[in-house]
1. Restricting attention to the range 131-177, which residues are among the polar types (S, T, N, Q), modelled with pLDDT of 95 or more and farther than 12 Å from Leu199 by Cβ?
2. With the condition kept exactly as written, say whether any residue in the range 107-129 is among the small types (Gly, Ala, Ser), crowded, with 19+ Cβ neighbours inside 10 Å and either touching a residue at least 40 places away in the same chain (Cβ under 8 Å) or on the phi < 0 side of the Ramachandran plot (or both).
3. Which condition does Val222 not pass, out of (1) within 23 Å of Pro111 (Cα to Cα); (2) in contact with a helix residue (DSSP H, G or I) (Cβ under 7 Å, 6 or more places away or on another chain), if it passes all the others?
4. For the range 88-105, does any single residue satisfy the condition of being in a helix (DSSP H, G or I) and small (Gly, Ala, Ser)?
5. Any residue at all in the range 168-175 that's over 22 Å from Gly51 (Cα atoms), in contact with a strand residue (DSSP E or B) (Cβ under 8 Å, 6 or more places away or on another chain), assigned to a loop (DSSP other than H, G, I, E, B) and not aromatic (Phe, Trp, Tyr)?
6. Mind listing whichever residues of the range 210-230 are of a type in the set (A, V, I, L, M), surrounded by 10 or more Cβ atoms within 10 Å (Cβ to Cβ) and not in a helix (DSSP H, G or I)?
7. Being closer than 20 Å to Ala171 by Cβ and part of a loop (DSSP other than H, G, I, E, B) is the filter here; which residues of the range 115-142 pass it?
Amino acid sequence: MQHLVRRLSLLVSVVGALSACGGNSSSGPNWVGKTYLLDYVPAANWTKPKGVGSDVGAYVPQFLIGVAAGTGSDLAITLTTAMDGSQDMCNPTTQVTVSGANYPSSEISVPSLPIHVVDTDSAHPASVHSTAHDFLLKDVLPADSAAKVGELDATVDLGELYKLFYLVPNATPDAVCQTLNQAGVPCDVCAFNQQPYCLTLQASQIVASKSAATITPLADSVIASDPSCQ
């Protein structure tokens, strides 16, 4: 009997040790209380749209992802754009709840994400406030493995972003879409406004890295009242 008790005690100790180390903890202990940076995505990692994903993807900003404990197994995520690794103070922050039950897998989904896109080219500087629709970051938060299996998906409206395409003569939404169509990438009709200026973007094999940056909650009203953000 004593031998059986010792075996059971050992089993309980092992299970407890695994739980303390993280294992499949629903709270995501490797993430909570930390901030992660999804840096500029390399051209080779853009899989949509075919052929020009890297050109369009060049305008996609960095993203900061703040992770806090939520209720039960949920995680409270704060998401915003970044410039040179620091929070872009001209972009409102977005809060979403994400399930941590499938740790280390994660899906950060935002139906409409405000994005401030800045082209710092000295000859063609531009700043545009836009929205990424059906925005999804899947498995971009790093786990124990360094494998880059993450994915970014979003639909963007060239009716808002066309000014960034300075290589297109007399750029308008129609001119930009016509240029893309000639490259074999037609624009789609946007589900949210029925205008024919949408593109679906996808990048794969990406991962966010731990960042020392802090995220300050910012509301749309604060951005709108700041002249430097216009």
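The values are calculated or read from the model by the stated rules, or taken from the named source; none is laboratory data. Quick caveat, the model's predicted, so the values are computed rather than measured. Methodologically, a virtual Cβ is constructed for each residue, glycine included, from the backbone with ideal geometry; neighbour enumeration extends over all protein chains shown.
1. Start the filter on the range 131-177 by keeping residues that are among the polar types (S, T, N, Q), which leaves 131, 145, 155, 170, 172.
Those left that are additionally modelled with pLDDT of 95 or more: 131, 155, 172.
Within the range 131-177, Thr131, Thr172 qualify.
2. The answer is no; no qualifying residue exists.
3. The one condition Val222 does not meet is (2).
4. Within the range 88-105, the first condition is being in a helix (DSSP H, G or I), and the residues that meet it are none.
For the range 88-105, residues in a helix (DSSP H, G or I) and small (Gly, Ala, Ser): absent.
5. No, the range 168-175 has no match at all.
6. Our first condition is that a residue be of a type in the set (A, V, I, L, M); within the range 210-230, this holds for 212-213, 215, 218-219, 222-224.
Those still in the list that are surrounded by 10 or more Cβ atoms within 10 Å (Cβ to Cβ) too: 213, 215, 218-219, 222-224.
Listed by number, the residues that qualify are Ala213, Ile215, Leu218, Ala219.
7. Within the range 115-142, Thr120, Asp121, Ser122, Ala123, His124, Pro125 meet the criteria.
Results for (1) of a type in the set (D, E, K, R); (2) at pLDDT below 95; (3) under 15 Å from Pro104 (Cα atoms), shown as yes or no for each residue.
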residue: Gly22; (1), (2), (3): no, yes, yes
residue: Asn30; (1), (2), (3): no, yes, yes
residue: Leu38; (1), (2), (3): no, no, no
residue: Ala43; (1), (2), (3): no, yes, no
residue: Gly57; (1), (2), (3): no, yes, no
residue: Gly70; (1), (2), (3): no, yes, no
residue: Leu79; (1), (2), (3): no, no, no
